[in-house]
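Here the structure is laid out as structure tokens; the discussion comes afterwards.
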Amino acid sequence: MILVTGGAGYIGSTTARYLIEHGEQVVILDSLVSSNIEDVPCRAIFYKGDIADTVKVSEIVKKHNIEACLHFAAYIEVAESVANPYKYFENNMSKALILFNTLKYNGVLKIVFSSTAAVYGEPKYTPIDENHPLNPVNPYGMSKYLAENILSSFDTAYNMRYVALRYFNACGAWGGSGEKHNPETHLIPLILQVPLGKREKLYINGTDYNTKDGTCIRDYIHVYDLACAHYAALNYLRAGGKSEKINLGTGTGFSIKEVIEVCEKVTGQEINKEIRSRRAGDPAVLIASNKKAKDILGWDITYNNLYDIVKSAYLFHKDN
């Protein structure tokens, strides 16, 4: 069986549902601090708890004969990490260390780790490949960078093999799972809240970046494609693959203004917006090279059109 930590969250629950649809037996561990019990797939076994609870994690591993862990449980908001770095280092690094050690102690030596492009910091070139220097510019990115280094050390010392998947901007909806963060900070759902009457206006954080229209450029990847990649990484480790750090993205970037335009096309409504100053810790451009993911995992993009990605998100939010 497969343990999915953070499996009630946006990406974790989507991946858990994808695993189940592909015949896997899934056990979810989630604290529900920033996720929702209703998002747990009905065919998954669920435990409410903390990843640093060594007794509970050990009991789960033994009871369900856990083969591998897909680790999603983390705090993910850049601005919050700048304001409250302790929260991010404690949860994303220290508790991850405890989880990895508990898994190692109980013989679980295959980990698929949900990492982030934030480990790269301000890019020196784009698209960013896995050889790009690592220089996280915010505590969120640093916490994931340190967790990756823990896994690397565990691989060397204990033969704990892992795939760290560094992905860019997760978005879209699939299988009943979509973004429901509280508070919401991700761009596409924030934009869509305006035409859905849940938000008066969208705030654009900075229009003076060195980009084509002055707003940040990001690589938007559909959550379904992320789920596919996590499953491919699991099967890669099952086949004896060595530890790897792999980017997940489309290789194409869109500015905030371009995303707004697509959202206006999907909804048929003009988005009320207001310009504000830059947000702390935001690089100007983040676009991924996905060549390594294709070569090693045999993975490819299913949702390669921003209109289709936004439409899936809009239909989800409209129904929820």
Considering only 316, 284, 7, whose Cα is most displaced toward the positive end of the charge dipole of the chain, charges sitting on Cβ of Lys, Arg (+1) and Asp, Glu (-1)?
7
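Could you give the alpha-carbon Rg of the stretch 122-216 over 2.2 N^0.38 Å, rounded to two decimals?
On the way: Rg = 17.8 Å, N = 95, 2.2 N^0.38 = 12.4 Å.
Normalised Cα radius of gyration, the stretch 122-216: 1.44.
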Quick calc, residue 278 & residue 302: beta-carbon distance into FRET formula, R0 51 Å, rounding 0.05, result 0.95
In degrees, nearest 10, range 0 to 90: what is the angle between the Cα axis of helix 10-21 and the longest Cα principal axis of the chain?
60
By its C-alpha gyration tensor, with a ≥ b ≥ c as the square roots of the eigenvalues, how is the stretch 135-178 shaped: rounded for a/c under 1.5, else prolate for a/b larger than b/c, else oblate?
oblate
Any idea what angle helix 256-267 forms with the longest principal axis of the chain, computed on alpha-carbon atoms, 0 to 90 degrees, nearest 10?
80
Label residue 213 and residue 98 with points 7 Å out from Cα along Cα→Cβ: what is the distance between them in nm?
4.5
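With 10 angstrom as the radius, rank 55, 137, 112 by how many other C-beta atoms surround their C-beta, starting from the fewest. Each step should come with its number before you reach the end.
On the way: 55 9, 137 17, 112 26.
Starting with the residue having the fewest Cβ neighbours, the order is 55, 137, 112.
Roughly what % antiparallel, to the nearest 5, for the DSSP beta bridges in the stretch 170-315? The partial results should precede the final answer.
Values: 3 of 11 bridges.
Antiparallel bridges make up about 25 percent of those DSSP assigns within the stretch 170-315.
Pull out a ≥ b ≥ c, the square roots of the eigenvalues of the alpha-carbon gyration tensor of the stretch 247-291, then state rounded if a/c is under 1.5, prolate if not and a/b is larger than b/c, and oblate in the remaining case. All intermediate terms of the calculation are to be shown ahead of the outcome.
Details: a/c = 4.08, a/b = 1.34, b/c = 3.05.
In terms of gyration-tensor shape, oblate.
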Spin-label zone in the stretch 226-260 - amide nitrogen under 15 Å from a point set 7 Å from the Cα of residue 295 along the C-beta vector
242, 244-248
P(r) histogram, all alpha-carbon pairs of the stretch 1-145 included - 10 Å bins from 0, percent
12, 39, 33, 15, 1
In nanometres, the difference between 0.36 nm per residue of separation and the alpha-carbon distance of residue 122 and residue 185 is 20.7 nm
Return the sequence-ordered ³J(HN,Hα) values of the stretch 202-215 in whole Hz as given by the Karplus equation 6.51 cos²θ - 1.76 cosθ + 1.60 applied to θ = phi - 60°, using x for Gly and Pro.
9, 9, 9, 8, x, 10, 10, 6, 7, 9, 4, 10, x, 9
Name the shape class, rounded, prolate or oblate, that the alpha-carbon gyration tensor gives for the stretch 74-136, where a ≥ b ≥ c are the square roots of its eigenvalues, rounded holds for a/c under 1.5, and otherwise prolate holds if a/b is larger than b/c and oblate otherwise.
oblate
For the chain, longest principal axis from Cα atoms; helix 223-238 axis from its Cα atoms; angle between them, nearest 10 degrees, is 20
For residue 244, list long-range residues whose amide hydrogen, built 1.01 Å from N in the peptide plane, is under 5 Å from its own amide hydrogen.
162, 163, 164
By how many nm would the segment from residue 134 to residue 38 grow when fully extended, if each residue of separation counts as 0.36 nm and the alpha-carbon distance is taken off?
30.9 nm
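FRET efficiency for residue 252 and residue 200, Cβ-Cβ distance as r, R0 = 30 Å, nearest 0.05?
On the way: r = 31 Å, r/R0 = 1.03.
My answer for the efficiency is 0.45.
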With label points built 7 Å along Cα→Cβ from the Cα atoms of residue 64 and residue 87, find their separation and express it in nm.
2.7
Can you figure out the FRET efficiency of residue 25 with residue 261, using R₀ = 51 Å and their beta-carbon distance, to the nearest 0.05?
0.75
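Restricting to DSSP loop positions (anything but H, G, I, E, B) with no more than 10 other Cβ atoms inside 10 Å of their own Cβ, which GluC sites (Glu not before Pro) remain in the stretch 176-216? Walk me through the numbers on the way to the answer.
Values: sites: 179, 184, 200; in loops: 179, 184, 200.
Loop-located and lightly packed - 200.
Here, each number is a calculation from the coordinates, and none is a lab measurement. Values in this document were obtained by computation on a predicted structure and should not be read as measured data. Glycine gets a Cβ as well: all are built from the backbone with ideal geometry, and neighbour counts include every protein chain shown.
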